[in-house]
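Data first, discussion second: the structure below is written as structure tokens.
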Amino acid sequence: MMKIFNIVGARPNFMKIAPIMEAMQKAPEITPVLVHTGQHYDEKMSKVFFEDLDIPRPDINLEVGSGSHAVQTAGIMVAFEKLCVEERPDMVLVVGDVNSTLACSVVASKLLIPVVHVEAGLRSRDRTMPEEVNRLVTDALADVLFTTSRDADENLKQEGVPAEKIFFVGNVMIDTLLKHVDKARHSDIHRRLGLLNGGAPARYGVMTLHRPSNVDDRETLSGILEAVEHIQSKLPVVFPIHPRTLKNIRENGLEERVRRMKSLMLLDPLGYLDFLGLVSGSTLVLTDSGGLQEETTALGIPCITIRNNTERPVTLDQGTNTLVGMDRDLIRTTALDILQGGGKAGRIPELWDGKAAERITDILRRWDPAAFKSLSN
Ligand code: UD1
């Protein structure tokens, strides 16, 4: 039996780990153990996802919580090292690019426990993004790298990762989306928000915004809000707000301005099913999230990404995504173009078919631990 520690910490990890836990529970060779670092801890940032996605309760919660990057990362490392020394897992599987991903990879690697990275090889080539640093370090240490798109394979090869460590398996987050989208469409979120027009969902947009580069600087945040002010005068916009963004809106004296926008609906963070229900019925999405660029591509919903770059170019080349940076005019005109013309049609990227977690589990369950040793050297 292979004991695999599956790590989750922050909100975008939960939908990625759900199908992996499910697939591993069916594999007789694997004992999956779910470890929550506690990076996200609020009910609306964490617990609701376990309920919506039927993820088993974490076997272990390190309860590390918030802090500066060093404080948070170090806190996870100290607690996770102790756990690994006591429990000696055969493998540590990490997903995505959050601080928990980085911290657990470093610890496992130094204890000579094989590291498996799901969603490897994505690169924005922008090291001002903390996630890019997390991705680079995690991939440099990982023994097995599972990718979501061919460009990720190429990035890894260019960085010198041997081809035999890289497996293009598709997108576990899309496994979760495809499994839940029908149920999500039946969520009563439209009724609760008054977004019905004679029984059918009205036209509306959805916005999410939380990246430090967009919300920590007053000037940038204020410019984005100015664009949103125009957009919401043409199309109601639903805005479930991340705690970091709410804090910054308040501290920068922008709350009154947001309140004055009559068709901007400010909400607490939503659970997975409510949010997917909203996005799947929307006319367009405005976001700086990584995952939402992929989810909108899978759903065929036009996405305006408020960033200068993306680590997910497949969503631009094949999907429905458009990068607009933080330019208020470009944000506004792109949204108005979509309202008039319908936006990019896009197609579904290769292997985003709902079976990525099965492929991952199939590779891991047949893994010979000796192979890790030879690959790591
Ligand atoms: C983290 C990830 C980011 C991901 C995002 C999704 C890193 C470096 N960043 O950013 O990649 O897109 O999660 O949300 O790992 N807070 C709460 N309740 C919580 C958690 C956080 O109120 O349950 C507040 C705290 O004030 C905290 C702040 O949000 O200081 C930021 O949380 P943190 O985990 O540091 O990073 P995120 O901005 O959420």
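Read-outs throughout are calculated quantities, based only on the coordinates presented, and are distinct from any laboratory measurement. All of these numbers come straight from a predicted model, not from anything done at the bench. All Cβ positions, glycine included, derive from the backbone under ideal geometry; neighbour counts span all protein chains shown.
Size descriptors for the stretch 181-339 (Cα atoms only): Rg and Dmax, in that order, 14.7, 41 Å.
Tell me the net charge near V98. Cut-off is 13 Å between Cβ atoms, V98 excluded, with +1 for each Lys or Arg and -1 for each Asp or Glu. All intermediate terms of the calculation are to be shown ahead of the outcome.
Values: positive: R11, K16, R135, R211; negative: D97, E119, E131, E132.
Summing Lys/Arg as +1 and Asp/Glu as -1 gives 0.
Select from R328, R125, R359 the residue whose mean-square fluctuation is largest in a Gaussian network model of the chain (Cα-Cα springs shorter than 10 Å). Checking each option, the largest mean-square fluctuation is seen for R125.
Residue separation of R250 and L330 scaled by 0.36 nm, minus their Cα-Cα distance, works out to 26.2 nm of gained length. Residues considered: S100, S109, S66. Largest GNM mean-square fluctuation over the chain, using C-alpha springs under 10 Å, is found at S66. Annotation: lysines with alpha-carbon distance below 16 angstrom to K165 (same-chain offsets under eight excluded): K157, K373.
Electrostatic tally near L225: other residues with Cβ closer than 10 Å to its Cβ, Lys and Arg +1, Asp and Glu -1, net 0.
Can you tell me how the stretch 38-124 classifies by the Cα gyration tensor, rounded, prolate or oblate, using a/c under 1.5 as the rounded cut? Here the stretch 38-124 falls in the rounded category. Every helix of 4 or more DSSP H residues in the chain counts as -39500 (n - 2.57), and over all residues that averages to -14000 deg cm²/dmol at 222 nm. Gaussian network model of the chain, Cα springs within a sub-10 Å range: biggest mean-square fluctuation belongs to which of C84, C303, C104? Per the Cα network of the chain with a 10 Å cutoff, C84 tops the list. What shape does the chain take by its C-alpha gyration tensor, where a ≥ b ≥ c are the square roots of the eigenvalues and a/c under 1.5 counts as rounded, a/b above b/c as prolate, and the rest as oblate? The shape class here is prolate. Couplings for the stretch 197-202, taken from phi via the Karplus curve 6.51 cos²θ - 1.76 cosθ + 1.60 with θ = phi - 60°, read 10, x, x, 8, x, 6 Hz in order; Gly and Pro are left as x. Mean separation of Cα pairs under 8 Å and 6 or more residues apart, divided by the residue count, gives the chain a relative contact order of 16 percent.
When both bridge partners sit in the chain, DSSP labels roughly 5% of those beta bridges antiparallel. Listed by chain and number, the lysines placed with their C-alpha closer than 17 angstrom to that of K234 are K262; residues fewer than eight positions away on the same chain are left out.
Restricting to bridges with both residues inside the stretch 181-339, how much of the DSSP beta-bridge set is antiparallel, in percent to the nearest 5?
Details: 2 of 17 bridges.
Of those bridges, close to 10 percent are antiparallel.
With a cut-off of 12 Å between beta carbons, the residues surrounding A108 carry a summed charge of -2, where Lys and Arg count +1 and Asp and Glu -1.
Based only on other Cβ atoms within 10 Å, what is the fewest-to-most ordering of L264, L156? Could you put the intermediate results ahead of the total?
Details: L264 20, L156 24.
Lowest count first: L264, L156.
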